[in-house]
Every structure is written in structure tokens, then in C-alpha cells.
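Taken together, the values in this text are just the output of simple stated rules run on the coordinates, not laboratory data. Everything numeric in this text was worked out from a predicted model, so none of it was measured. With ideal geometry, Cβ positions are generated from the backbone for all residues, glycine too; neighbour counts draw on all protein chains shown.
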Amino acid sequence: MVKGRLQLWIWVLAAAAVLLLPVVDRIATGNAMADGQERAETTLRQTVNALDSYLRRYEALPTLLAQDEDILAVLADPGNKARIAAMNRWLAETNTLIEASDLYLIDLDGTTLAASNHDRTDSFIGQNFSYRPYFSRARDGGLGRYFALGTTSGVRGYYFASPIRDEAGMVRGVLALKIGVNAIEAGWRARDYRILVTDPEGVVFMSTDAGWLYRGLLPLTAERRERLAQTRRYADADLTELQVTPSATAGVNLMRLADGTGVMREYIATETPMPHAGWTVRVLLDTVPIHAQARLVVLAVALFLTVALLLAWVLAQRRARLAERLALQAAAQANLEREVAQRTADLTQANDDLHRMQADLVQAGKLAALGRMSAALSHEINQPLAAARNYADSAGLLIDRGDLPRAKENIGQIIALIDRMAAIARHLRNVARKPNEPLKVVDIATAVRDALVIAQARLTAAGAEVALDLAGNLPPVIGGPVRLQQVIVNVLTNAADAVEGRADRRIHLSATCTDHEVIVAIRDRGPGVAPGIADRIFDPFFTTKQVGSGLGLGLSISYNIMKDFEGDLRVANHPQGGAIFSLILRRATTGALAAE
């Protein structure tokens, strides 16, 4: 009877497992899709920021260059060959300096008078660009911006144009600047994502897949083709439509379209407009690896359930055999043997439990110590590393440009950051709050500036703007420079996390003093601190961030450091919104302590 009941339960569990697998598949697929969408959106933000920065680098140049008096002289006397030759040389030299594609001067009829490419076979000189929207807008007194395929060079580029005005403010001509996009597109191809950029008509003009270029995501109606033909945006390129099928799964937008080889593929689709440029940027992530990841999860669950059912079957068989053996034993011997066996089993189990508990305690202690050390070190070193990487990138660019003094300054900053990281490592023991470590005199303005350098990478990534309001007569305070920088960097980083993605990303950092204290206040415009967590926010490993986004150590370490300084770290909600963290520091008595 017992064996029959156990077998029945095993069959019931097996049926339940079979019914459970489709549910597991849906959940695993949904989680994988959500993770893929998050990664695609991150890549989309990075791509848009890079494109916007690249365009803004050149946006103001035509306006500045158009103020040159020699340009007006050429427009006033376009038949003067000497002036034209000199202007061609000046445009070529300037174009090389600013690293653009082409720089050229156009009269009011749309004819190019001088150009940086004057000595090439595809020179713009003599070409008429009156049909280009960037020319007509600049001729009418505005600032022209336009993306197109060059009708002369056949090279894709983005055009900026500025009107050239005389002393009376009258427009006498147009100065146009063209920048290429091939380098940006080449950088995208090294990634795992598919990236494409479309114009207002839905035509792809930049893409990681060359087969998508000059193809429309929207229907190429007669009206759209007519508008494109009037401006000759794509010259004589053959425009066709892409076969696109949008869909959605688990709240994630999907898109099916053919790649350059004609094979239909499914992608997670994320997009965002760039209104200033009139573009729409899309980042596509292939769903094949995502579905494979979900299938692996389902397979793992199926294997686990299979092993569990096999173990249950073995257990049922063993219990049945044990019951049969016990039934054959003599009644007289059974009581004695059961008593001895029970006592022996109890003693053995107790002894095993004792040894296991001792081993677990030792291992737990090791893991806890190792976890605290590695978590603290990782948390405190990341910000200086990010700042050092920024200085290294900048130094490389300065060396390429031959600006060795500024490059040397950047290398000096990197060395200083490395020294700070070494000091941070030495000061990790302060997490344990050794109260007998001597305190020093610290200049609060210097500590704030150094902390801003370390936290700049995180602030820039979040799009945060820091406004400083330091009183001019700030006295020195009691503390330690490196640890005080740690506290300021941790609070600034939390503020950047709070304002990221919000409309108002300003952070206000102020410092004031009283008769006995200096108060450093850092206020963000984030959601503020919920009343339910205000009394736990400085606890170790407490965090409101998503899993994997933070360890919950920063504020705990900062709080302990401030207590070591005989100060305090407090948090409150600002009446106008956002949170405000206040660092309360003791004023240093003049001559009482030696400066660190």
C-alpha cells in the first residue's frame, strides 16, 4: 500500500512537471527579452550621445568662420583670381585643421566660388547647390543643417551652412561645411548590435548592415519620393523599401526584417528621435541568442525536475524494501536493536552536526571577511579608475595633436589618482572604524574639487550638472583628505543615480560654516528619500537600486568615516523636492593639528 501511494504521488509530480515547463519557458523568455531590451536601450543612449556630440563639435564653426573679412572681399569681387586662389588655400588649411570633409564658399545664386577641395577632380568649384535645403536656409538668414549623399563626391555627409553678412547685416553669400559619417558607422560595426539611422522620410542612411542603406522603413509613397528628388538628398541612389514586420512579446517591441543577405531575422527594436538633426536612431538586438538563453533555462529546470523525480523513485523503492525487512525481524530482538540503533544514530548525528556546524562557521567567517574587503575595495576604487581613464583618453588625443605640455598635465593627474587609489587601499581599515587613528587638518575646498574630478565620469554619464556654492571664508576642518573625498564622491554618485533620466538633473553642492562646524550640503532633484527607509539608509548592504547596480556599502562607509571625524552624515528631503545630504565637520583650531 505504501509503495503504491508513493508511486502514485511520483506520477502526479511528473505530470505537474510537464505542465510546468511551458510556464517556465514563458517566464524565461520574458526575462531574457526584458534584459535584452535594457541592454539595447543602454546602447541606444550611448549611440545618440556620441552622434549628438559629433555634430555639436562642428555646429558653430561655419558661423565663426563666416566672419572673416577676406570672405566678404571674395564675394565682392568674384572675378579676382588671386583672391579666389588665396581663399582656396585658406579653406583647405582651415578644413585640415578642423578635420572636416569639405569647406566651401557659395554665392547667392548657389554657385561655389572657392572650396577646400579645389585641387581635386571632384572639386565643388563651379557646382550649383541652390537645390540643397541647407543653402536656401542660410541664404534666407538662418543656419542650415542637412544630411545628404554628395552629388559630386558620392560621399555621405552632414552639412552645416551659415549666412555671410556685410557690415549692414545683408546676406552676401553662404559658407558651408561638410562632415563625413563613415568613421562613426565603422565604429558601430565592432559591436554585437545592429544600428541604423533614418531621415524624416524613413530612409536608412547610416547602418551597420550595408544592405539596409538607402532603403525605406516606411512606404516610399509618391509624395516622399518627390520630396527626396527635389533636394537630391540621395543623388541617383536607387531607393527601395525594406520588408518590415513589427510585433511585441512580453511588453518588448520586436521587428522582423531581412538582413543584407535577404534572410528574415527577428530583433528587439529600440528607437529614439534626434529632433535637432531630424534623425531617428534605432538599435536592434538579434533575438536568436536570447531565445537560446531561455531554452537553456528551460532545459536546466527540466533536468532538475528529472533528477528530483528519479531520486523520489529511488527513495520509494528503498523505503519499500526497508519495510519488508523490518517485518521479518523477531519481536524480541526488535525492541533492543531499535533502542541501541536509535541511541547510536542520535550520537552519530549529533557528532556530525557539530563538525558540520564548526566547518560552516569557519567558512562563513572567511567568506564574510573576504566579501567585506572585496566589496569595499571595488566600491571605492571604481570612481578614481573612471577619472584616470578619462585623463588617459584625453592625453592620447593631446599627444596626437602635439600638445605635450597639456598631455603631461593629464599624466600628472593620472599619477595623482593612482596615489589616491593607493591611499584608499591603505584607508580601507577605517571601514572597521578604528577610533585611535590620528586626525588631520583638511582644506574643504580642495577636498571638494578633488572629489568632483573622481566623480566626473559618473556625473557625465548621468547627464548631471553640479553647481558649486562654496563660501569664501571656509576654515579648515578635522578629518582626512582621502576619506573625506570618499564621502563626497559617494554622496555625489548617489545624487547622480537619483537624477539620471529625470528632466531636472541639477545637483547643488554648497559649504557654509558656523562658530564650531562646517556644513557641506549636497542636494539633488531626484525622488527623495522615502520615510520608511530614512532610518536604514546608512545600514551596511542596504540599497534601493536594482540588483547588480549597487552593493549598499557607500553610505554605510561614509557614515562611519564621518563618525571617525567626530562629525555626522545626515539625510533629509528638500522642501522643493529631492534629497539633501549634509556632512557635519568640526572646525580645526588654528595650529592645533598638523596639515596632512
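Given the range 437-586, report the % of alpha carbon pairs whose separation exceeds 26 Å. The answer is 20 percent, as a whole percent. When each of the peptides 173-186, 272-285, 314-327 is scored by how many other beta carbons lie within 10 Å of its residues on average, the order from highest to lowest is 173-186, 272-285, 314-327. 3J(HN,Hα) along the range 197-213, derived from phi through the Karplus expression 6.51 cos²θ - 1.76 cosθ + 1.60 where θ = phi - 60°, amounts to 10, 10, 8, x, 8, x, 8, 7, 10, 9, 6, 6, 10, 4, x, 8, 5 Hz, with x in place of Gly and Pro.
By the rule of a C-alpha distance below 16 Å, with chain neighbours fewer than 8 residues away ignored, the aspartates and glutamates paired with LYS81 are ASP70, ASP107, ASP119.
Considering all C-alpha pairs of the range 61-180, those separated by over 17 Å amount to 49%. Extension gain for the segment ARG232 to HIS516, taken as residue separation times 0.36 nm less the Cα-Cα distance, is 95.1 nm to one decimal.
Put simply, when 297-309, 521-533 are sorted by average Cβ atoms within 10 angstrom per residue, most first, you get 521-533, 297-309. Residue order for PHE124, PHE581, fewest other beta carbons within 10 angstrom first, comes to PHE581, PHE124. Computed over every Cα-Cα pair of the chain and binned at 20 Å starting from 0, the pair-distance distribution P(r) comes out as 14, 32, 32, 16, 5, 1, 0 percent. P(r) tail, the range 263-330: Cα-Cα pairs separated by more than 19 Å, 67% of all pairs.
Take the alpha carbon atoms of the range 53-93, find their radius of gyration, then divide it by 2.2 N^0.38 Å using N residues; give the quotient. That works out to 1.38 for the range 53-93. Under the simplified labelling scheme, the ALA60-ILE27 pair shows an inter-label distance of 5.5 nm, with each label point 7 Å from Cα along Cα→Cβ.
Magnitude of the charge dipole for the range 61-180, about its Cα centre and with charges confined to Cβ atoms of Lys, Arg (+1) and Asp, Glu (-1), is about 380 debye.
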